[in-house]
1. Within the range A:217-236, is there a residue that is touching a Leu at 6+ places or on another chain (Cβ under 6 Å) and of a type in the set (Val, Ile, Thr)?
2. For residues in the range D:62-84 being in contact with a Ser or Thr (Cβ under 8 Å, 6 or more places away or on another chain) and over 19 Å from D:Cys127 (Cα atoms), which is farthest from ligand 2 (Cβ to nearest atom)?
3. Of everything in the range C:188-222, what is of a type in the set (Asp, Glu) and either within 16 Å of ligand 8 (Cβ to nearest atom) or closer than 17 Å to C:Thr173 by Cβ (or both)? Give them in sequence order.
4. Which one of A:Ser168, A:Ser154 is surrounded by fewer than 24 Cβ atoms within 10 Å (Cβ to Cβ) and within 23 Å of A:Arg252 (Cα to Cα)?
5. Of the conditions (1) in contact with a helix residue (DSSP H, G or I) (Cβ under 7 Å, 6 or more places away or on another chain); (2) modelled with pLDDT of 95 or more; (3) away from ligand 2 (no atom under 14 Å from the Cβ), A:Ser23 satisfies every one except a single condition; which number is it?
6. Looking only at the range A:84-115, count how many residues are of a type in the set (Ser, Thr, Tyr) and over 23 Å from C:Pro221 (Cβ atoms).
7. From the residues in the range D:79-89 that are out of contact with any strand residue (DSSP E or B) (no Cβ under 8 Å at 6 or more places or on another chain) and farther than 16 Å from D:Ile35 by Cβ, which one is nearest to the other protein chains (Cβ to nearest Cβ)?
8. Kindly indicate which of B:Met1, B:Met63 is within 15 Å of ligand 3 (Cβ to nearest atom), touching a strand residue (DSSP E or B) at 6+ places or on another chain (Cβ under 6 Å) and not charged (D, E, K, R).
There are 4 protein chains.
Amino acid sequence: MRFLAIGDVVGRPGRNILKSTLSKLKENYKIDVVIANCENAAGGNGLTKKVADELFSIGIDVMTMGNHVWANKEIFSFIENETRIIRPANYPEGTTPGRGYNVFEKNNFKFAVINLCGRVFMENLDCPFRKIDEILRKIECPIVIVDFHAEATSEKIALGFYVDGRVSCLYGTHTHVQTADEKILPNGTAYITDIGMTGPYDSVLGVDKDIVIQKFTTFLPVRFEVAKGKAQFNGIVFEVDNNSGKAISIERINFTLEE
Amino acid sequence: MRFLAIGDVVGRPGRNILKSTLSKLKENYKIDVVIANCENAAGGNGLTKKVADELFSIGIDVMTMGNHVWANKEIFSFIENETRIIRPANYPEGTTPGRGYNVFEKNNFKFAVINLCGRVFMENLDCPFRKIDEILRKIECPIVIVDFHAEATSEKIALGFYVDGRVSCLYGTHTHVQTADEKILPNGTAYITDIGMTGPYDSVLGVDKDIVIQKFTTFLPVRFEVAKGKAQFNGIVFEVDNNSGKAISIERINFTLEE
Amino acid sequence: MRFLAIGDVVGRPGRNILKSTLSKLKENYKIDVVIANCENAAGGNGLTKKVADELFSIGIDVMTMGNHVWANKEIFSFIENETRIIRPANYPEGTTPGRGYNVFEKNNFKFAVINLCGRVFMENLDCPFRKIDEILRKIECPIVIVDFHAEATSEKIALGFYVDGRVSCLYGTHTHVQTADEKILPNGTAYITDIGMTGPYDSVLGVDKDIVIQKFTTFLPVRFEVAKGKAQFNGIVFEVDNNSGKAISIERINFTLEE
Amino acid sequence: MRFLAIGDVVGRPGRNILKSTLSKLKENYKIDVVIANCENAAGGNGLTKKVADELFSIGIDVMTMGNHVWANKEIFSFIENETRIIRPANYPEGTTPGRGYNVFEKNNFKFAVINLCGRVFMENLDCPFRKIDEILRKIECPIVIVDFHAEATSEKIALGFYVDGRVSCLYGTHTHVQTADEKILPNGTAYITDIGMTGPYDSVLGVDKDIVIQKFTTFLPVRFEVAKGKAQFNGIVFEVDNNSGKAISIERINFTLEE
Ligand SMILES: [Fe+2]
Ligand SMILES: [Fe+2]
Ligand SMILES: [Fe+2]
Ligand SMILES: [Fe+2]
Ligand SMILES: [Fe+2]
Ligand SMILES: [Fe+2]
Ligand SMILES: [Fe+2]
Ligand SMILES: [Fe+2]
């Protein structure tokens, strides 16, 4: 099965580049399943019902989230019933709406999608190492995809090795910068530290660059705004053996599109 | 002028791959100047006189450092007199040995090299934005290279835009993972968020992966050891116009070598 | 001269207990000057003109601030002209409105008030150690009071020793919990790690306790609200020799008042 | 039953003041049980067998620890068999030696001692809120004492309220500065944010003050050394109703002793 995983979709520029290019990408790369990190899809922060519907309608099959999952409160009204949205699994049990993983089916093959947050330089969620052990014990299909939304390269690479051979692909999100370390780990897991961001190209992580520079130099309050102009697409294509769940290939996709 | 910048050299595996490949690389890419981040060159942490001499002797022209600059105390005995080693410029004035930038000459053209540390998720050093303004006021040659040793992608990209048009190239180091966002910014500065690591391939940032996993899962004390096995080279080649100091090109270099 | 320094005033409960008790406190303790940390005075976050006027009118002479100084944007409209409000001096030079210290006069004696923020576990402002050296070089009166708004006990105690003999009193704010380590340091500076909070007693740092517990246990978004009920007063009284500027005494004040 | 809880014992100065004063303190305050935080008892960092034996022999009944529990590796050789040493309970299950709580008996009454670490500004251990729920379900005696070793005042106060009425006393350690907020919470739990440090008085958290100032001002490597001179004792005495487990009183103890 061939997957396209899309890096953090940021605001309207991110959604627009998907509208313009996604169906063609799916065709060109013979994609079976599209997974996108959508924690910044609505106005740069969080997700609304309207934005989710818009993105599902253009061909996204599964959405993963991250530390900004709750940034737009509207998500509390639909995450419980929307089984295609996966939020980080290591939020506390019992109090967190939504689901941290789910099993889907395409072309008669099942695949699981797991979302986890890192903890280094981030919130004190539950241990992602133990949480993934716990989830993997419950999942029965061989194809398992993990979006590990984390800041520190050490934590991401360590979790990659930790699940090597037990998941089909573990890719990172959150830094909004694509890394060039895609590889297949010794036991068959496709890995990349970060798949990047799909949003405004001429920006700091999707935000207007002058505003971010102002923040770093003055420490005064600013209002972050999604940048304008040319957009970039960041993602990966990977292929998984349907029976073994082992990765066959992983390739970075990275292009820009004028407005 | 054509530069090769090499990502954090980690321990013996990092030095060995340079010994085997550097002269050939210089030839192939017609390199005039080689700059390497050497904060992890000695045993994975810091720098010794012997290791510095070894690396200068195989063709490194300038060494930059980072948050691990003082990790091996031996550096205090030679950094003051070794004008080819540049440590982060935003350590406090007056108490920090060594220099935060220097101007060199090659083929009758001058070039400056500046090293700075980020502050997000790192130490509370002086503001890198104001520090680089201060340094750029003192530098008179048009070719200026910056190694910005930082963790957060936002801080790195923001500083890149901040100096766009005022330096020839600003590249990031420290995360030990090469990013795939090399570009020339609108006003002529070559930029990449991180040039990566030159050291053990099958590792977590150069460290034995099992030790790092043990640390993340137990929180018990461990002794980090440089990993063994296949090595990787991570770096960039960029070309700068000798008169204007503007970047002409930037290209990632990324290969592995069996032991 | 005798000073009363009041710990972070939080919302209406903090203002009300001051209205009820301040004039009596001043009389009982023969107070010449009242300084209050007001970073949380307006609704628990920041300061408005109305709240500032209210607090000046009941007998506060000088207001210091902290990391929440900009939390209510209204402050940008009056901080520049209100010479009795002192914000942290180690915000960047040139871009920060207001002043980081000022010299006042009472009973024919001058006294300076300085406000600084810590950096450990907080924002990357300028070095408070170098900044206070710089400010002390400019101040000519012997009586100098410092509100060091910081999180880490190590940074607060270290700065206290650093300025021992050079300022009359350095007291901490920000943790909202009064410490029991008031003392006069060897060279004559009165010191206490934190003077505490003046606000709702039955609360977590002034905030409704159930909301804070919910935040810690669920990691879901919550809206912090100032707690209700009984209020507490936290502060110190210290006496300074008018001619030498040395501290003569330091005493904690700590009481509660039913609504 | 009457308890004496002693704040982080730091090095020889901390041990010496206990040798000189503990038996008298026990007599004066009619103490039944002495609990001491010993994470810094051996040379300022960690605990050795010799130091533990020395402290048990002078009248300490139970030792609690903190984030420095593993700082001296020797502890791995005896923590498993020494049932009177309690390390933070929220280290991961299954891989952590020693115990996070234990039940003891004195004068025919049982009492439990629990040790937990905070997470704010500290390591990503397991959630202390859920962990204490889990432990309290297993403990059957009414008298329960908690040493919550944490940095942030918010986390400490929140956990205090969270267990109010379910434990006899929750006191904080780790900041090495005693707070002045001792109280009995509405449902009967004695509470104080930090009981302080027992060690060198003229120091920064027990460490030589000049070394700490040097660290804060230069960011160069330093070797922390336990300070010399006058020592301080910091702790609390609290009384608990033997049958209900409710707190009857809590009082701070805070004195210094010349060498
Ligand atoms: Fe994101
Ligand atoms: Fe994120
Ligand atoms: Fe490095
Ligand atoms: Fe580094
Ligand atoms: Fe405050
Ligand atoms: Fe504050
Ligand atoms: Fe301690
Ligand atoms: Fe501690």
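1. The answer is no, given that none of the residues of the range A:217-236 is touching a Leu at 6+ places or on another chain (Cβ under 6 Å) and of a type in the set (Val, Ile, Thr).
2. D:Glu74
3. Passing the criteria: only C:Asp194.
4. A:Ser154
5. The number of the failed condition is (1).
6. Of the residues in that region, 0 qualify.
7. Ranking the qualifying residues of the range D:79-89, first place goes to D:Glu80.
8. Among B:Met1, B:Met63, only B:Met63 is within 15 Å of ligand 3 (Cβ to nearest atom), touching a strand residue (DSSP E or B) at 6+ places or on another chain (Cβ under 6 Å) and not charged (D, E, K, R).
The values are calculated or read from the model by the stated rules, or taken from the named source; none is laboratory data. As the structure is a prediction and not an experimental result, all values here were calculated from the model. Neighbour counts run over all protein chains shown; Cβ positions are idealised from the backbone, glycine included. Surface accessibility is based on the protein's heavy atoms, side chains included, excluding ligands, DNA and RNA. Shrake-Rupley method; radii C 1.70, N 1.55, O 1.52, S 1.80 Å.
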